[in-house]
Amino acid sequence: MNEPTSPGVYVTVTHVETGEVVRHLGPYDTAAAARTAAGEQAGQPLTWTRDPETWRAEKFPLAYHVPADPPTELP
């Protein structure tokens, strides 16, 4: 898979059944901005789930993946 190289947060769009990378969207300043842009690209709001490292949403036949922002440390 060709990873984007510019700084920022990217959305990786894959085919649900094959896992093939279809395209990258971005860069965006934050994971929240990337998730919003993915919904705009999909043409509808997306429902996101999160594991510790990645946000994921589907609009068949595509899946959208966004790296999660690192946790904010409180003083």
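The values are calculated or read from the model by the stated rules, or taken from the named source; none is laboratory data. Just so we're clear, the structure is a prediction, and the values are computed from it rather than from any experiment. Ideal geometry is used to build each Cβ from the backbone, glycine not excepted, and the neighbour counts take in all protein chains shown.
Quick notes on this one:
- Subset of the stretch 31-72 [of a type in the set (Ser, Thr, Tyr) and assigned to a helix (DSSP H, G or I)]: THR36
- Of all the residues in the stretch 43-75, those that are more than 10 Å from the chain's Cα centre (by Cα), among the hydrophobic types (A, V, I, L, M, F, W, C) and at pLDDT below 95 number 1.
- Residue check, PRO75 exposed (fewer than 15 other Cβ atoms within 10 Å of the Cβ), in a loop (DSSP other than H, G, I, E, B) and touching a Gly at 6+ places or on another chain (Cβ under 8 Å): no
- Scanning the stretch 17-37 for residues that are hydrophobic (A, V, I, L, M, F, W, C) and out of contact with any His (no Cβ under 9 Å at 6 or more places or on another chain) yields LEU25, ALA31, ALA32, ALA33, ALA34, ALA37.
- Long-range neighbours under 7 Å by Cβ, at least six apart or interchain, first residue within 15 Å of VAL9 (Cβ to Cβ) within the stretch 30-54, second surrounded by 13 or more Cβ atoms within 10 Å (Cβ to Cβ) and hydroxyl-bearing (Ser, Thr, Tyr): ALA34/TYR10; ALA34/TYR28; ALA37/TYR28; ALA38/TYR64
- The residues of the stretch 55-75 that are of a type in the set (Val, Ile, Thr) and touching a residue at least 40 places away in the same chain (Cβ under 8 Å) amount to a single one, VAL66.
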